[in-house]
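Report on the following structure.
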Amino acid sequence: MNKKMIINGGRRLAGDVTIGGAKNSTVALIPATILADTPVRFDSVPDIADVYNLQIILNSMNVKSKFQHSILDVDPTEIKEAALPSTAIKSLRASYYFMGALLGRFGRATVTFPGGDNIGPRPIDQHIKGFKALGAEVHEENDTIYITTGTNGLHGARIFLDMVSVGATINIILAAVKAPGQTIIENAAREPEIIDLATFLNNMGAKVRGAGTDVIRIEGVLELNSRATHTIIPDRIEAGTYLSLAAAVGDGIMIHNIIPEHLESFTSKMIEMGVDLQIDGDQIYVPKTTQITPISIKTSPYPGFATDLQQPITPVLMLADGESKILDTIYPKRVRHIVELRRLGADIASAVEGVITVNQSTNLVGSVVQAAEIRAGAALMIAGMMADGQTVIKAADHILRGYDRVVWKLTQLGADVEIIAEDN
């Protein structure tokens, strides 16, 4: 059932909001549970659509799971090899982490090519390169990837990634963590979510060293036994989205459960824009912001400015007195929010070379728009709050894939927002 978000804009927001667990950690941690030889428990799990899709995939392998009140219990002790449900996989790009996890668990994997957001090409050649180095054979047929290993199974290897890839780094860790010998991943991604995954695995007895740097070393172990609840790190992208919202339409908003170090590239840009952020331990207060200075943003791999935050910050740039520029070096084709923002009255354009130009657009008016993917939906959500009148965001299911209890959180801040089924 497709959903739409209805926003009655023009209201100022105030109050407190608490950030949930990181989506980009969660979608790697849940596939990682099938490597465990014991039941596993996670805390601070975000209430997002991706979690329920991953539960469907786990269930297809006879892995029981229970999710309530931010706690997720997973029991992989009676796992069975089975075809993964293509519907859940097609709707969830991160399901490709089951490739590495299944390979690490069974020495083979068959995965339908995943779906998820359409934000331009995201090839998995680096994943496949890593699997082959570990001793796997890979072939692709009709959107399905078949990965097998010989009688000797997987083994440690030295792998240099041709480009920094979060997905490939995670998938290789999952495949290598139980493979005999030492695996070294060079030019590895450094995202906090990779450290979170390594922490979870290490607490079960894995030997993953160097997560958070560009060289990760893994000594294969025979078994992984969970002894404690793993608390997922806060979602830095959700945090950045609410920071943007607070700067755009807030009269004083306190955002809780943040790791400020994970957001330094983002918060430094907000401060450059003239937002008087008050950073205190694990919370950030955003006072009412009356003047925004135009800036330039260039996305790059962590610890640079996150590609997932270039869209949520865009509506704030519309308040600046002058021209701002955004260059997304990660996904230059991530521009599907632009035509939709124009429907609300935004003066925004993208040039051929991938530079997005944002001009002052202070008279936004509600309209019917479409969320092409998660972060485009977030940009439209913020712009809808800024606009006079009613904004209807179609395909709001995308927003629900990435934002924990979003309607409840926005309502707590004073927004007039609801999600209902789209008319057939």
So residue 53, is it farther than 26 Å from residue 194 by Cβ, open to solvent by 10 Å² or more (accessible area, probe 1.4 Å) and either modelled with pLDDT of 95 or more or outside any strand (DSSP E or B) (or both):
no
Where in the range 300-394 are there strands (runs of 3 or more DSSP E), lying fully within it, with 1 or more residues that are out of contact with any helix residue (DSSP H, G or I) (no Cβ under 8 Å at 6 or more places or on another chain)?
324-328, 355-358, 390-394
When you go through 112, 26 one by one, which is the residue that is closer than 22 Å to residue 408 by Cβ, among the hydroxyl-bearing types (Ser, Thr, Tyr) and either surrounded by fewer than 16 Cβ atoms within 10 Å (Cβ to Cβ) or in contact with a helix residue (DSSP H, G or I) (Cβ under 8 Å, 6 or more places away or on another chain) (or both)?
26
Which of the numbered conditions does residue 289 fail, given that it passes all the others? Conditions: (1) open to solvent by 70 Å² or more (accessible area, probe 1.4 Å); (2) at pLDDT 95 or above; (3) polar (S, T, N, Q).
(1)
Count of the range 261-286 residues which are surrounded by 16 or more Cβ atoms within 10 Å (Cβ to Cβ) and closer than 20 Å to residue 191 by Cα:
6
Among (1) open to solvent by 40 Å² or more (accessible area, probe 1.4 Å); (2) without any contact (Cβ under 8 Å) to a residue 40 or more places away in the chain, where does residue 208 come up short?
(1)
Is at least one residue of the range 389-406 under 18 Å from residue 250 (Cβ atoms) and open to solvent by 10 Å² or more (accessible area, probe 1.4 Å)?
no
Just to be sure I understand the filter: pairs with C-beta atoms under 9 Å, separated by 6 or more residues or on different chains, first member in the range 94-106 and open to solvent by less than 10 Å² (accessible area, probe 1.4 Å), second member at pLDDT 95 or above and aromatic (Phe, Trp, Tyr). Which pairs pass?
99/131; 100/131; 103/131
Anything in the range 141-188 that is part of a loop (DSSP other than H, G, I, E, B) and without any contact (Cβ under 8 Å) to a residue 12 or more places away in the chain? List them, or say none.
142, 151
Tell me, which residue of the range 33-68 that is among the hydroxyl-bearing types (Ser, Thr, Tyr) and closer than 21 Å to residue 224 by Cα is nearest to the chain's Cα centre (by Cα)?
33
Please list, ordered by first then second residue, the pairs with beta carbon atoms under 8 Å, 6 or more apart or interchain, first in the range 411-424 and free of Cβ contacts under 8 Å to residues at least 24 places away in the same chain and open to solvent by less than 30 Å² (accessible area, probe 1.4 Å), second among the basic types (Lys, Arg) and not in a loop (DSSP other than H, G, I, E, B).
none
Residues in the range 334-352: is at least one in contact (Cβ under 8 Å) with a residue 60 or more places away in the chain, surrounded by fewer than 22 Cβ atoms within 10 Å (Cβ to Cβ) and of a type outside the set (S, T, N, Q)?
yes
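The values are calculated or read from the model by the stated rules, or taken from the named source; none is laboratory data. This is a predicted model, so every value here is computed, not measured. With ideal geometry, Cβ positions are generated from the backbone for all residues, glycine too; neighbour counts draw on all protein chains shown. With ligands, DNA and RNA removed, areas are computed over all heavy atoms of the protein, side chains included. Shrake-Rupley method; radii C 1.70, N 1.55, O 1.52, S 1.80 Å.
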